[in-house]
Each structure stands twice: as C-alpha cells, then as structure tokens.
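Reviewing the structure listed below.
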Amino acid sequence: MLIMTKAILAMMIGFILSVIAGVVLIPILKKFKINQSLSVYLRDAHKKKSHTPTMGGLIFILPTLFTVTIFILTDRMQMSYSLAIVLLAFLGYALIGFIDDYLIILRHNNKGLTEGQKLLLQLVIAVIFFYLFMKAENEPLIWIHTFNIRWNIGFFYGLFILFLLLASSNAVNLTDGLDGLAGGLSVIAFLTFGIISFCTGWLEGYQEIGLFCFILIGCLLGFLVFNTSPAKVFMGDTGSLSLGATLGTIAILTRHELLLVVIGIVFVMETMSCIIQRYYYKLTHKRIFPMAPIHHAFEKWGWREQDIVKLFWIIGLLGAMVALAFGVWL
C-alpha cells in the first residue's frame, strides 16, 4: 500500500511541476522563436502549426529530474544502480534530441543531425548502457516469464540490446507527428512498465524504477495539457528520443524486452509503415501508403487528426492490457 501511495504522490508532484514548467517555458520558447520546422510534405495540411514552438520535451524532462532528485534527497527513493542506468538513457538520448532540435532551429529547415550522425550518437550511448548492464552480471537471456522460458543467446544478446534501444528511441520519434499522439501513448506505455516494475522483485532498485515511471507519467500528463489538439508546444526530438530510449531501457532491465512489442504496438506500426514504404518504393517506385508514418496516411485518407489520435490511443491501451495480462497476471 505504501508503494502505491508513493506512486500516486510521485505522479501528482510530477504533474504539478510539469504544468508549472509549461507555463514558464512556452513563452520563453516563443520569445526566442524556437518554432517547429515542417516537412515540405506537410506544409499544406499542418500550415497552422508552423509557428508552434518545439523542444517541449523539456517540459517533462526537467520536472522528472527535479522530482527524482527531491525524492532521493528526502529518502523516498534510493539511487540504485538500475535507476542510474535508466537516468543515463533518459538524459543521454534527450541530449541527442536537443542537439538535433537546436540544429533544425538554427538552420530554419527540417534538417538537423544527419541519419548517420544521429545513429552514431545513439549507438555510443547504447554501447555504454550495454557495458553497464553486463557489468552488473546480468545474463544474456531472452526471458518469457509467463512460460518460464529462458533462452541464453550469448554474444547476440548484445546486438539485441543495441537494436532494441535504437529501435525504441526512433519508433517514438516517428510517432511524434500529431498533437498528443506520442505523449498519450507514452503515458500508457510507462504506466504499464510502472506496474511491471513493481512486480519485478528480483531486480535491484525495482521500486525506484517503478516510481520513476510514475513520476514521468505525471510529468507527461502535465505536458499533454499543452500538447493535445490544438497543441501549444511540440516535444521535438528532445522528448521523443528520450522517451523511446527510456522505454527500451526499462524493458531490458525488467527482462520484458519482447513484451515491449505489445506494449508499444502503435510505435511498432508506425515504424513498420516507414520501413515497408521505403523498401517497397525502392523496388517498385510506387507507394503502398499515401504517406508514412501511418498516422499521416490516415490524414490523407480524410481522417480528422483528433480521431486518429483517439484510435491510436485505444490501440495502445488494448496492447498494454494484453501485455499486463500476459506478463504479470497470467
């Protein structure tokens, strides 16, 4: 009961601080014209969004860090090894996103870091994470808890971890294209992993990881006050890369890597739509979807933005419920 009380308190504090951060930061972002640069393919459909400030990820990143610090200083959380790894991914990928957003603003176009540069920086942090993870004497296992299946894949587990971190960070980044879409889906995903973390008693610092998830949920809810349609701010790569990498990190630490595919089913759909579109076009010079990621295809098919977001939130919620039933309850 105490841990649930802490979780609710963490979420409440995160929400309040995030709303305050939004009230303070959005006018500053507007003053310095830190505006979203739209792709040439979206300038007609999203014309009204061209002057919406970006880098809004700071609205939930800074309050999350502040709340975690307060909880540690007041002995409501412990700085465990596992929590330190989570914070490394959270901050490291946020920094990559910040650099990308900054270059986009500086150049007044939609080109920040190149794909190669971004991938290299993501890979560096992923390698550091892998080193720290294996240093804690974790076994290279694919673990399906419900069936108690443990598959030791040895050297390939390192490649699997690197792939998972890169894929999860970029998946959320691709999904961040409609007002409230990535933020709402992230709330659902972190709520699921918060519950899973509290059921992972064998992991050092499992309660701290759970509390971190609930702090971040509160901060994301505060961010959504400003990000739901019509959005007053976008999270930018600063927020999306950080959220995706953190989801991947927690999935790895709790040994629910495969369950991440179900929890983040919409993120998977968005990523797969881009991959299918790219390679199908290379082979046939035709497009399967009017536009990728898939949420933009729904726009081309005449769906209202709010309806697309609601549909994808529902799909994400269904995936989360299936994942909880399979990974925790069963």
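If R0 is 51 Å, what FRET efficiency do you get for LYS300 and ASP75 from their C-beta distance, rounded to 0.05?
Values: r = 53 Å, r/R0 = 1.04.
E between LYS300 and ASP75, to the nearest 0.05, is 0.45.
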Going from the alpha-carbon gyration tensor of region 131-224, what semi-axes, largest first and in whole Å, does one get by taking the root of 5 times each eigenvalue? 27, 18, 12
Loop-only check: which chymotrypsin sites (Phe, Trp or Tyr not before Pro) in region 176-244 are DSSP coil with at most 11 other Cβ within 10 angstrom? TRP202
Mean Kyte hydropathy of 1.6 or more with a Cα span along the axis of at least 18 Å, helices from DSSP in the chain: 2-31, 58-73, 81-107, 156-175, 181-198, 206-227
If I model a spin label at HIS51 and ILE8 as a point 7 Å from the Cα along the Cα→Cβ vector, what separation in nanometres do I get? 4.4
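Could you compute Rg(Cα) / (2.2 N^0.38 Å) for region 2-329, with N its residue count?
Ratio of Rg to 2.2 N^0.38 Å for region 2-329: 0.96.
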Full-extension gain in nm, ALA84 to GLU139, via 0.36 nm per residue minus C-alpha separation: 17.9 nm
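Fully extended, how many nm does the chain gain between ILE149 and CYS199 (0.36 nm per residue separation, minus their Cα-Cα distance)?
Working: separation 50, 0.36 × 50 = 18.00 nm, distance 1.77 nm.
Result for the pair: 16.2 nm of gain on full extension.
Any of LYS33/LYS286; LYS6/LYS118; LYS135/LYS310; LYS286/LYS310; LYS30/LYS286; LYS135/LYS232 with alpha carbons more than 32 Å apart? Name them for me. All intermediate terms of the calculation are to be shown ahead of the outcome.
Details: LYS33/LYS286 38 Å; LYS6/LYS118 37 Å; LYS135/LYS310 42 Å; LYS286/LYS310 30 Å; LYS30/LYS286 40 Å; LYS135/LYS232 43 Å.
The pairs that break the limit, which is 32 Å between Cα atoms, are LYS33/LYS286; LYS6/LYS118; LYS135/LYS310; LYS30/LYS286; LYS135/LYS232.
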Return a whole-number percent for the relative contact order of the chain, with Cα pairs under 8 Å and 6 or more residues apart as the contact set. 27
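Report, to one decimal in Å, the Kirkwood hydrodynamic radius for region 26-150 based on all distinct Cα pairs. All intermediate terms of the calculation are to be shown ahead of the outcome.
Working: mean 1/r = 0.0564 Å⁻¹.
Evaluated over region 26-150, this radius sits at 17.7 Å.
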Can you grab the distance from the C-alpha centre of region 218-297 to the C-alpha centre of region 100-119, Å, no decimals? 19
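By the scheme Lys and Arg +1, Asp and Glu -1, what is the net charge of all other residues having a beta-carbon under 15 Å from that of LYS310?
Working: positive: ARG304; negative: ASP179, GLU299, GLU305, ASP307.
Combined, the nearby Lys, Arg, Asp and Glu give -3.
Before rounding to the nearest 500, sum -39500 (n - 2.57) across all DSSP H runs of length at least 4 in the chain and divide by the residue total; then give [θ] at 222 nm in deg cm²/dmol. Write out the running numbers ahead of the final one.
Details: 12 runs with 223 residues, N = 330.
Calculated at 222 nm, the ellipticity per residue is -23000 deg cm²/dmol.
Since every read-out is calculated from the coordinates, none of them should be taken as a lab result. Given the structure is predicted, the values throughout are model-derived calculations rather than measurements. All Cβ positions, glycine included, derive from the backbone under ideal geometry; neighbour counts span all protein chains shown.
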